[in-house]
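> One structure, pasted below without further comment.
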Amino acid sequence: MSKFSRFLTLCLFSAASAGAQASSSKPTLVVMITIDGFREGNLDRFGPQLRGGLGRLMNGGAWFTNAHHDHAITETAPGHATLLSGRFPRSTGIAANRAGVLDPESPLLGFSGGLGASPKRFQGTELFDWLNAKNPKSRALSVSSKDRGAILPIGRSKQQVYWYALDGEFTTSRYYADSLPDWVKKFNARRIPDSYGGKTWNPLLADSAYKEADSVSIEGGGRDFVFPHVLPTDPAAVEGILWATPFGDELEVALALDGVSALHLGEGPQTDVLALSLSATDLINHRLGPDSKEAHDQVLRTDRTIGMFLDSLFKLRDPSRVIVALSADHGFGTIPELAQNVKPAPTRVTLQPAVAATRKRMQALGLDTLAFEADQQVILIDHAAFQKAKVNPDTVLRVFRDEALKIPGVYRVDRFSDLVKGDTINDPITRRWTHQFPATASIDYIVTLTKGSLWAGPLVASHGTPYDYDSNVPVIFYGAPFKAGKYSDFVRTVDIAPTLAVAAGVTPTEKLDGVVLTKALK
């Protein structure tokens with residue numbers, strides 16, 4: 001960013017901040033609602049059927065329809081880390097799920113069936129830190145079914161952070177506390193997940209309201225892909241799958257509302273933060289696809305769940321002192337076998353043939369094959385090992401590149417150093433990869449798949465590419481400081497945090513990648 005651009009951004013931030021503070025009193029609660037795996041297109045596609053919380057936010061908020069995660073690995077961890085930090089993955093240190101929040105040194109409380117988790121890889125600050133720097137009495141609560149969905153919206157702060165354990169309880173890790181607070185223990189003691197045993201998931205509306213076929217056998221891998229979906233009656237079984245049904249979102253909302261009351265969140269005079277990440281949409285899309293009848297019904301149920309949440313929250317707290325932002329951590333791609341009018345035909349990709357050819361060449365050169373690593377789309381080599389063997393790395397990397405480009409579904413194999421110097425204005429793939437990793441990252445090649453293709457694995461449908469179907473998510477601001485309207489401007493999820501900061505009357509404590517969306521502010 002040039003000096004002039006930085007100056008202009010600061011001017012806009014200051015002007016918007018002054019306007020926001022003049023037009024309304026300071027909010028006592030900032031609510032960030034994230035719907036895991038939610039396409040922006042769902043709002044227009046199903047808009048007439050949305051009469052709950054989504055409909056309320058769409059019609060009464062500042063709604064940006066052309067909002068994107070402007071990074072390349074559109075997954076849950078990097079996506080969540082952008083929302084309240086205002087920074088790309090290259091700055092947050094959260095580049096992928098596999099390098100997200102897992103931390104064996106921070107074991108979970110009470111639940112032995114999961115790995116430990118913490119924000120130790122996260123770098124920098126977030127909205128809560130800026131609020132807390134202004135008023136140390138500010139507090140935060142974050143709730144999700146997923147550890148990364150709960151942890152990353154708050155950053156490194158040791159606040160109230162809880163996620164669903166597959167034993168039917170919410171937990172946290174020893175990074176945050178040595179024991180659960182009484183209010184969470186009381187919630188868990190109610191054994192709410194067990195009450196869903198034997199419950200049936202049927203469509204909310206009449207069949208005529210759904211255009212999707214309910215007989216697509218590739219959905220669900222051919223298992224349980226037709227309505228009705230009946231939950232098991234065994235308590236352990238229903239506890240293990242509840243988070244992958246619409247009822248999992250209801251459970252999250254119940255805990256969040258209990259937390260608001262127990263923690264006196266949003267009572268003021270300070271500004272608190274409530275982060276709520278609803279995970280069921282992502283899990284349903286992975287199993288049945290984002291174009292399924294079940295995915296359609298899940299959008300409708302999410303609308304109602306958020307509506308119930310907002311109605312309940314606004315009974316607890318003054319709506320004029322609450323501001324809400326809604327977004328998603330990523331979009332979703334169509335099941336490759338069902339994609340239409342996409343050329344070349346999408347497929348499921350493994351780099352194994354190229355990896356095998358590369359390691360065969362390395363053996364012939366007397367190199368240890370462990371000096372080459374293909375971490376899905378990221379290719380790394382041990383340069384010291386090549387130097388010791390007096391082998392030019394390009395001798396091996398060219399083999400990988402040539403063989404990888406022969407694999408159906410592989411679109412590009414780029415040197416990362418070339419991407420850093422590439423055209424980030426006219427080439428969105430290049431731009432999003434440069435936003436993914438620091439320019440100094442020790443990465444040799446980046447592999448980009450063709451549109452619609454995905455990495456081979458157990459998931460029926462997925463996400464994670466730099467294409468718009470995975471990057472385009474809703475961004476909506478709702479509350480007294482915001483000007484209702486529908487905006488088609490290209491914006492990024494990193495713009496959410498600086499915009500909320502203005503509305504809350506605080507200043508970020510570090511340089512951000514995002515800018516203030518002044519159109520959203522009164």
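> When you scan region 335-355, do you find a residue that is over 30 Å from Gly79 (Cβ atoms) and over 24 Å from the mean Cα position of the chain (by Cα), even just one?
If we filter region 335-355 for residues that are over 30 Å from Gly79 (Cβ atoms), which is where we start, we get 353.
Pick out the ones that are also over 24 Å from the mean Cα position of the chain (by Cα) and you get 353.
Checked region 335-355: at least one residue is over 30 Å from Gly79 (Cβ atoms) and over 24 Å from the mean Cα position of the chain (by Cα).
> May I pose another question? Tally up the residues in region 348-375 that are touching a strand residue (DSSP E or B) at 6+ places or on another chain (Cβ under 9 Å), surrounded by 19 or more Cβ atoms within 10 Å (Cβ to Cβ) and of a type outside the set (Gly, Ala, Ser), please. Outline the logic, then answer.
Here is the first cut: in region 348-375, the ones touching a strand residue (DSSP E or B) at 6+ places or on another chain (Cβ under 9 Å) are 348-352, 354-355, 358-359, 362, 371-374.
Imposing the further condition that a residue be surrounded by 19 or more Cβ atoms within 10 Å (Cβ to Cβ) reduces the set to 349, 351, 354, 358-359, 362, 371-372, 374.
Now narrow it down to the ones that are of a type outside the set (Gly, Ala, Ser): 349, 351, 358-359, 362, 372.
Qualifying residue count for the region: 6.
> Right, Asp297: modelled with pLDDT of 95 or more and in contact with a Pro (Cβ under 8 Å, 6 or more places away or on another chain) or not?
Details: modelled with pLDDT of 95 or more: yes; in contact with a Pro (Cβ under 8 Å, 6 or more places away or on another chain): yes.
So Asp297 fits the description; yes.
> Here is a further query. Hey, can you tell me all the residues within region 407-433 that are in contact (Cβ under 8 Å) with a residue 24 or more places away in the chain and basic (Lys, Arg)?
Taking region 407-433 as the starting set, the residues that turn out to be in contact (Cβ under 8 Å) with a residue 24 or more places away in the chain are 407-416, 419, 428-429, 431-433.
The answer is Arg412, Arg415, Arg431, Arg432.
Yes or no, residue by residue, for (1) over 24 Å from Val253 (Cβ atoms); (2) in the same structural domain as Leu29 (by TED's automatic domain parsing); (3) in contact with a Ser or Thr (Cβ under 8 Å, 6 or more places away or on another chain); (4) without any contact (Cβ under 8 Å) to a residue 12 or more places away in the chain:
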{"site": "Pro104", "(1), (2), (3), (4)": "yes, yes, no, no"}
{"site": "Ala117", "(1), (2), (3), (4)": "no, yes, yes, no"}
{"site": "Lys120", "(1), (2), (3), (4)": "yes, yes, yes, no"}
{"site": "Asp129", "(1), (2), (3), (4)": "yes, yes, yes, no"}
{"site": "Pro136", "(1), (2), (3), (4)": "yes, yes, no, yes"}
{"site": "Ser144", "(1), (2), (3), (4)": "no, yes, yes, no"}
{"site": "Ile151", "(1), (2), (3), (4)": "no, yes, yes, no"}
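> Out of Val391, Val378, Val420, I need the residue that is out of contact with any helix residue (DSSP H, G or I) (no Cβ under 7 Å at 6 or more places or on another chain), surrounded by 15 or more Cβ atoms within 10 Å (Cβ to Cβ) and closer than 27 Å to Phe122 by Cβ. Which one? Write out each step before concluding.
Values: Val391 fails: closer than 27 Å to Phe122 by Cβ; Val420 fails: out of contact with any helix residue (DSSP H, G or I) (no Cβ under 7 Å at 6 or more places or on another chain).
That would be Val378, the only listed residue that is out of contact with any helix residue (DSSP H, G or I) (no Cβ under 7 Å at 6 or more places or on another chain), surrounded by 15 or more Cβ atoms within 10 Å (Cβ to Cβ) and closer than 27 Å to Phe122 by Cβ.
> Could I ask something else about it? Could you list, in sequence order, all residues of region 302-359 that are closer than 30 Å to His71 by Cα, in a helix (DSSP H, G or I) and in contact (Cβ under 8 Å) with a residue 60 or more places away in the chain?
Selection gives Thr302, Asp303, Thr305, Ile306, Pro336, Glu337, Leu338.
> Still on this structure, please answer the following. From the list Thr92, Thr34, Thr82, exactly one residue is within 30 Å of Glu212 (Cβ to Cβ), assigned by TED's automatic domain parsing to the domain that holds Thr507, touching a residue at least 24 places away in the same chain (Cβ under 8 Å) and among the hydroxyl-bearing types (Ser, Thr, Tyr). Which is it? Steps first, please.
Values: Thr92 fails: within 30 Å of Glu212 (Cβ to Cβ); Thr82 fails: within 30 Å of Glu212 (Cβ to Cβ).
Unique residue meeting the criteria: Thr34.
> Among (1) touching an Asp or Glu at 6+ places or on another chain (Cβ under 9 Å); (2) over 30 Å from Thr507 (Cβ atoms); (3) buried (at least 18 other Cβ atoms within 10 Å of the Cβ), there is one condition Leu251 misses while meeting the rest; what is its number?
Failed condition: (1).
> With the checklist (1) among the small types (Gly, Ala, Ser); (2) in the same structural domain as Thr493 (by TED's automatic domain parsing); (3) over 19 Å from Ile192 (Cα atoms) in hand, flag the one item Gly259 doesn't pass.
That leaves (3) as the condition not met.
> Out of Tyr162, Tyr175, report the one residue that is in a loop (DSSP other than H, G, I, E, B), modelled with pLDDT of 95 or more and either among the hydroxyl-bearing types (Ser, Thr, Tyr) or not assigned by TED's automatic domain parsing to the domain that holds Ile241 (or both).
When all the criteria are applied, what remains is Tyr175.
> In the set Asp282, Asp272, which member is in contact with a Ser or Thr (Cβ under 9 Å, 6 or more places away or on another chain) and either hydrophobic (A, V, I, L, M, F, W, C) or closer than 15 Å to Trp243 by Cβ (or both)?
On the way: Asp272 fails: either hydrophobic (A, V, I, L, M, F, W, C) or closer than 15 Å to Trp243 by Cβ (or both).
When all the criteria are applied, what remains is Asp282.
> While we're looking at this one, here's another question. For residues that are hydroxyl-bearing (Ser, Thr, Tyr) and modelled with pLDDT under 95, tally how many sit in region 101-132.
Step one: of region 101-132, the residues hydroxyl-bearing (Ser, Thr, Tyr) are 106, 112, 118, 125.
Keeping just the survivors that are modelled with pLDDT under 95 gives 112.
Residues that pass the stated criteria total 1.
> Anything in region 40-60 that is in contact with a Phe, Trp or Tyr (Cβ under 9 Å, 6 or more places away or on another chain) and closer than 17 Å to Arg304 by Cα? List them, or say none.
Answer for region 40-60, where residues must be in contact with a Phe, Trp or Tyr (Cβ under 9 Å, 6 or more places away or on another chain) and closer than 17 Å to Arg304 by Cα: Leu43, Gly53, Leu54, Arg56, Leu57, Gly60.
> State which residue is nearest to Ser85 (Cα to Cα) when the search covers only region 263-301 and only residues that are small (Gly, Ala, Ser) and part of a helix (DSSP H, G or I).
Going through region 263-301, the residues small (Gly, Ala, Ser) turn out to be 266, 268, 275, 277, 279-280, 289, 292, 295.
Okay, now just the ones that are also part of a helix (DSSP H, G or I), so 280, 295.
Values: Ala280: 24, Ala295: 29 Å.
Here the residue is Ala280.
> Could you check, for region 209-221, whether at least one of its residues is assigned to a helix (DSSP H, G or I), surrounded by fewer than 18 Cβ atoms within 10 Å (Cβ to Cβ), free of Cβ contacts under 8 Å to residues at least 40 places away in the same chain and not acidic (Asp, Glu)?
The answer is no; no qualifying residue exists.
> Another one. So Leu300 clears everything in (1) in contact with a strand residue (DSSP E or B) (Cβ under 8 Å, 6 or more places away or on another chain); (2) closer than 26 Å to Arg51 by Cβ except one condition, right? Which one?
Answer for Leu300: the failing condition is (1).
> Kindly provide the set of residues from region 326-338 that are among the hydrophobic types (A, V, I, L, M, F, W, C) and surrounded by fewer than 17 Cβ atoms within 10 Å (Cβ to Cβ), ordered by number.
Applying the first criterion (among the hydrophobic types (A, V, I, L, M, F, W, C)) to region 326-338 yields 326, 328, 332, 335, 338.
Within region 326-338, just Leu338 meets the criteria.
> Here are some conditions: (1) assigned to a helix (DSSP H, G or I); (2) of a type in the set (A, V, I, L, M); (3) within 26 Å of Leu454 (Cβ to Cβ). Leu242 meets all but one. Which one does it not meet?
Among (1) assigned to a helix (DSSP H, G or I); (2) of a type in the set (A, V, I, L, M); (3) within 26 Å of Leu454 (Cβ to Cβ), the lone unmet condition for Leu242 is (3).
The values are calculated or read from the model by the stated rules, or taken from the named source; none is laboratory data. Just so you know, these numbers come straight off a predicted model, no measurement behind them. In this analysis, Cβ positions are derived from the backbone assuming ideal geometry, glycine residues included, and neighbour counts consider all displayed protein chains.
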